[in-house]
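Read through the structure below, which is laid out as structure tokens, and then see the notes.
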Amino acid sequence: MRPFDYQAPADAGTAVAAVAARPDAAFLGGGTNLVDHLRLGVAEPGLLVDVTGLLPTGISDDGGGLRIGAGVANADLAADSRVRRHYPVLARALLSGASGQLRNMATTGGNPLQRTRCLYFQDVTTPCNKRSPGSGCAAIGGATRQHAILGASEHCIATHPSDMAVALSALDAQVEVLGPDGERTLAFGELHRLPGDAPERDTVLEHGELITAIVLPPLPVAARSDYRKVRDRASYAFALVSVAAALEVTECRITDSRVAFGGVAHTPWRARRAERVLRGATPSDEAFHAAAAAELADARPQDGVDGGNAFKIPLLTRTLAGTLRDLARQEA
Amino acid sequence: MFLDGLSPERRGTLRRMDHELTLRVVGAEHRLSVDSRTSLLDALRQRLGNTSPKKGCDHGQCGSCTVLVDGVRVLACLTLAVTRDGSEVVTADGLSAGPPGSGGDHPLHRAFVDEDAFQCGYCTPGQVCSAVGMLDEFARGRPSVVTGDLGAAPELDDAEIAERMSGNLCRCGAYPGIRAAVARVGREREGTR
Ligand SMILES: Cc1cc2nc3c(=O)[nH]c(=O)nc-3n(C[C@H](O)[C@H](O)[C@H](O)COP(=O)(O)OP(=O)(O)OC[C@H]3O[C@@H](n4cnc5c(N)ncnc54)[C@H](O)[C@@H]3O)c2cc1C
Ligand code: SF4
Ligand code: FES
Ligand code: FES
């Protein structure tokens, strides 16, 4: 592991200035992804700036919604009574991720910025455009079970691993950021980017930009919401596919919905086409399958030595239908 | 201790990254200087000679390094020691009936023996620390992903225990005994509440 300096400044402005001043500096949140990457040689920063002591760790009411400090632990966020009542999809997404110990460590700011679990990305002996731009992509034609079916490029077919991020995408969350040039707020849906020809960039954040809070808008439809995750074992495993969904049914018609997918793209995948198909429809398996088909019309499964990932299309279709079916029943 | 075998130049480069910190481990205060790269797990094992937490994977995937930091279960392998200056660390060997380090079996130690909750024992210290942290989370009404009603207090059934303990792998497959041991202590707690 490359030696690095360590600082734990007292305030966010100092932390941002410290990281902005050094191209090889990085923020340290709970460390559950970054420390692993230090050990794997995937990340080799020369300076770590610990932000856990300076980021807000409170969750406050915010104009009918919630403002979540970026230092709030994943476990504390999932346990918050307001999140459980008004945004169950977020509580369930958090609780379906990692393990009890990891959720106690992982932070609200760090979770959406965790990097792909692509095995080749994590193995420094293989080519990977994300880790080492221009070196190639070992996943294409390799083992692709975990990889993307939507929005991938010829340079990278990785998926985003966060469960929490899929829920935040469905919930129209906002991200508050402090950078060297001051504060800005962006829609959570604009935080992550598709790989294109620059897969080394997971998000639109510039070097030195610190997530300080995530804001959930008031969203009545989210009171009936759920997160369903399909994986190779029942717990402590990343998603093969996952669905975050919220549904409002009035007089046997779907009047509002929110849908996002995990495990299928380089970003948490907001399924707006599916939402359009659902609007005004009678809740039925037919409508749910039509919604999945609309969203997956452009899906491009990958071949692979492990059999590839075409299975994700029917698996995701059934997972969406099952999630929506149960939510529609909850309504009744 | 771990700098001792290194050449003066090498010690010099390591020292550049050294940080002074204080850890209270099972009630005793230790002042030590660590390289910024040192994990809490290596600080405990290599520097303080506390080999109770085990290194299974060193990547957050097995739970055998689980310790309680300020009462919360965390993975010592993914924790950099420098980030925990001033913290109170409890390892499985320091758990006791009374305050940490006061001696006497912790109820979970007893239950693990009585319920045959291990074979080789390598995962056991992590399992025990994880169970203590988990029962505390449960007592505070925290939900898990298998909790049916997120608005209600969870019930400590087998599915809840399995889910909440899923971060601790056991290569010997002692899971039925582990769940039984945790259930027993959990029930005893509920009885006394
Ligand atoms: C074995 C294992 C299993 C897991 N399973 C799952 C799972 O099933 N589902 C899931 O969703 N996750 C899973 N995780 C991942 C875990 O949820 C993430 O590692 C965690 O959420 C990252 O948060 P952190 O605070 O520890 O981030 P860190 O590791 O500290 O940081 C991650 C990245 O974000 C940057 N960063 C951190 N905080 C900020 C901030 N405030 N502003 C700007 N940049 C910041 C860091 O520089 C780094 O690049 C698993 C992890 C492990 C080890
Ligand atoms: S899919 Fe992306 S992350 Fe994985 S090897 Fe290819 S370039 Fe790297
Ligand atoms: S050694 Fe820490 S989780 Fe395996
Ligand atoms: S008892 Fe051997 S690994 Fe659990």
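A:Arg2 is checked against (1) more than 28 Å from B:Pro154 (Cβ to Cβ); (2) surrounded by 15 or more Cβ atoms within 10 Å (Cβ to Cβ) and fails just one. What number does that condition carry? Only one criterion is unmet by A:Arg2, namely (2).
Here A:Glu183 clears all of (1) open to solvent by 30 Å² or more (accessible area, probe 1.4 Å); (2) under 21 Å from A:Thr52 (Cβ atoms); (3) in contact (Cβ under 8 Å) with a residue 60 or more places away in the chain except the condition numbered (3). State whether one or more residues within region B:167-179 are within 16 Å of ligand 3 (Cβ to nearest atom), in contact with a strand residue (DSSP E or B) (Cβ under 7 Å, 6 or more places away or on another chain) and within 14 Å of another protein chain (Cβ to nearest Cβ). Yes, that holds for at least one residue. One residue alone among B:Val82, B:Val90 is facing chain A (nearest Cβ under 9 Å) and either in contact (Cβ under 8 Å) with a residue 60 or more places away in the chain or among the small types (Gly, Ala, Ser) (or both), and that residue is B:Val82. Might you let me know whether region A:97-106 holds any residue that is away from ligand 3 (no atom under 16 Å from the Cβ) and either open to solvent by less than 10 Å² (accessible area, probe 1.4 Å) or in contact with a strand residue (DSSP E or B) (Cβ under 9 Å, 6 or more places away or on another chain) (or both)? Within region A:97-106, none of the residues are away from ligand 3 (no atom under 16 Å from the Cβ) and either open to solvent by less than 10 Å² (accessible area, probe 1.4 Å) or in contact with a strand residue (DSSP E or B) (Cβ under 9 Å, 6 or more places away or on another chain) (or both).
Restricted to region A:25-68, the set of strands (runs of 3 or more DSSP E) holding at least 2 residues that are within 13 Å of chain B (Cβ to nearest Cβ) comprises A:25-28, A:47-50. The set of residues from region A:31-64 being within 8 Å of ligand 1 (Cβ to nearest atom) and modelled with pLDDT under 95 is empty. Against the test of being farther than 24 Å from A:Gly53 by Cα and near ligand 1 (Cβ under 8 Å from one of its atoms), the options A:Pro161, A:Pro133, A:Pro127 yield a single qualifying residue, A:Pro161. Considering only residues in region B:47-73 that are crowded, with 21+ Cβ neighbours inside 10 Å, at the interface with chain A (Cβ under 8 Å from one of its Cβ atoms) and in contact (Cβ under 8 Å) with a residue 40 or more places away in the chain, the one that is farthest from B:Gly133 (Cα to Cα) turns out to be B:Gly63.
Per the conditions (1) part of a loop (DSSP other than H, G, I, E, B); (2) within 16 Å of ligand 3 (Cβ to nearest atom); (3) away from chain A (no Cβ under 12 Å), the sole criterion not satisfied by B:Glu155 is (2).
The values are calculated or read from the model by the stated rules, or taken from the named source; none is laboratory data. Keep in mind that this is a model prediction, so the values were computed, not measured. Neighbour counts are summed over all protein chains in view; Cβ atoms, including those assigned to glycine, are modelled from backbone coordinates with ideal geometry. Just so you know, the surface numbers come from the protein's heavy atoms only, side chains and all, with ligands and any DNA or RNA stripped out. Shrake-Rupley method; radii C 1.70, N 1.55, O 1.52, S 1.80 Å.
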